[in-house]
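Encoded as structure tokens, the structure appears first; notes follow it.
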Amino acid sequence: MMRLDLHCHSTASDGGLSPEMVATRAFERGCQLLALTDHDTLAGMAAADKTARALGLPFVSGVEVSVTWRKKTVHIVGLDFSPEDQTLGELLAHIRMGRVARAELMAQTLAKRLPLAAREIFDGAMRFCAQPEMISRTHFARFLIEAGFCKNMQRVFKHYLAEGKTGYVAHEWSRLDDAVAAIVGAGGVAVVAHPGRYKMGKMQMNELLTAFIDAGGRGIEVISGSHGELDVRHFSKIAREKNLLVSAGSDFHALGEGGRDLGINADFADDLTPIWSVLSQQPRPLPPVIAH
Ligand code: AMP
Ligand code: MN
Ligand code: MN
Ligand code: MN
């Protein structure tokens, strides 16, 4: 059994720990392999890589790309690509450009419901964000909690930010085939992130996976901080049927916000092929347990 993390976030996107702290914490929590997969940016990667390297923790490049497929938001994790690749860099830069305009609209719609001006909401959310172009719903959520409108992350999404709520603004991210092609073109592997979170029927999920595989995608997150036991079993079966490589990640964001902490046990069924079989770095062996 391996303990690793191939899906997590830092302050470079909507996480709460610096890239250095993510790598250090992943190491301390027993991870044998790490990828930092911030949303639509590679800004945290060099720092996380450097820290991981110094600790002897194998590290591969990562990103979580926002995609719109049939009007639904889908997240595609890219692993082990060349961070210098121009096409991938441009695709990510284009996605980021859309975030600020979307955040303006979010602030305007939230202002209709809250006793605050749109500007106050926008500026308030921005205060939680290291880079304006990385502004996300998570930063709005942190501001709304701080301002006392909601008690915790779960509630703020449930009441304000989830699809269909006041603060939700529909947005066109990148195309599925473009995102997958950019990751693969950069020498990486594309993985469908947390499939258990998408509100799709069996048939639509099948169509998504077919489109993903046709575009060159090869992996699926089976073990995820967003998945329960049933999801793990369900998506193991799908991985088998579709011949997909299986991945595992916590989707860690920050401490004390109710999500999963870094590091996850990747105990897949024996007949599944783990994603790291095609990665340039392998999980480091753990030091032997000394019996007393
Ligand atoms: P965005 O990319 O701006 O749409 O923000 C999406 C992010 O919001 C996700 O990556 C999660 O970090 C966070 N998020 C979405 N739904 C929830 C939820 N129900 N509870 C907590 N965080 C959520
Ligand atoms: Mn996030
Ligand atoms: Mn995601
Ligand atoms: Mn994520």
Among 47, 54, 43, 35, the single one that is over 19 Å from residue 279 (Cβ atoms), hydrophobic (A, V, I, L, M, F, W, C) and in contact (Cβ under 8 Å) with a residue 40 or more places away in the chain is 43
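Yes/no matrix, rows are residues, columns are (1) within 16 Å of ligand 2 (Cβ to nearest atom); (2) touching a helix residue (DSSP H, G or I) at 6+ places or on another chain (Cβ under 8 Å); (3) modelled with pLDDT under 95; (4) not acidic (Asp, Glu):
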{"site": "155", "(1), (2), (3), (4)": "no, no, no, yes"}
{"site": "165", "(1), (2), (3), (4)": "no, yes, no, yes"}
{"site": "185", "(1), (2), (3), (4)": "no, yes, no, yes"}
{"site": "190", "(1), (2), (3), (4)": "no, yes, no, yes"}
{"site": "198", "(1), (2), (3), (4)": "yes, yes, no, yes"}
{"site": "204", "(1), (2), (3), (4)": "no, no, no, yes"}
Scanning region 1-27 for residues that are within 16 Å of ligand 3 (Cβ to nearest atom) and of a type in the set (Asp, Glu), the one farthest from residue 223 (Cα to Cα) turns out to be 14
Just one listed residue, out of 15, 30, is within 16 Å of ligand 4 (Cβ to nearest atom) and either surrounded by fewer than 22 Cβ atoms within 10 Å (Cβ to Cβ) or not hydrophobic (A, V, I, L, M, F, W, C) (or both), and it is 15
Filter region 225-271 for residues that are among the polar types (S, T, N, Q) and surrounded by fewer than 20 Cβ atoms within 10 Å (Cβ to Cβ); the one that is nearest to ligand 1 (Cβ to nearest atom) is 226
The residue from 21, 1 that alone is over 16 Å from the mean Cα position of the chain (by Cα), surrounded by fewer than 24 Cβ atoms within 10 Å (Cβ to Cβ) and at pLDDT below 95 is 1
Residue pairs qualifying under the 8 Å Cβ cut-off, at least six apart or on distinct chains, with the first in region 192-207 being in contact (Cβ under 8 Å) with a residue 60 or more places away in the chain and the second being among the acidic types (Asp, Glu) and within 15 Å of ligand 3 (Cβ to nearest atom), are 192/221; 193/64; 193/221; 193/251; 194/221; 194/251
Among 268, 235, 212, the single one that is part of a loop (DSSP other than H, G, I, E, B), modelled with pLDDT of 95 or more and of a type outside the set (Gly, Ala, Ser) is 268
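The values are calculated or read from the model by the stated rules, or taken from the named source; none is laboratory data. In this text the structure is predicted, and so the values were computed from the model without any measurement. No Cβ is skipped: glycine too gets one built from the backbone with ideal geometry, and neighbour counts run over all protein chains shown.
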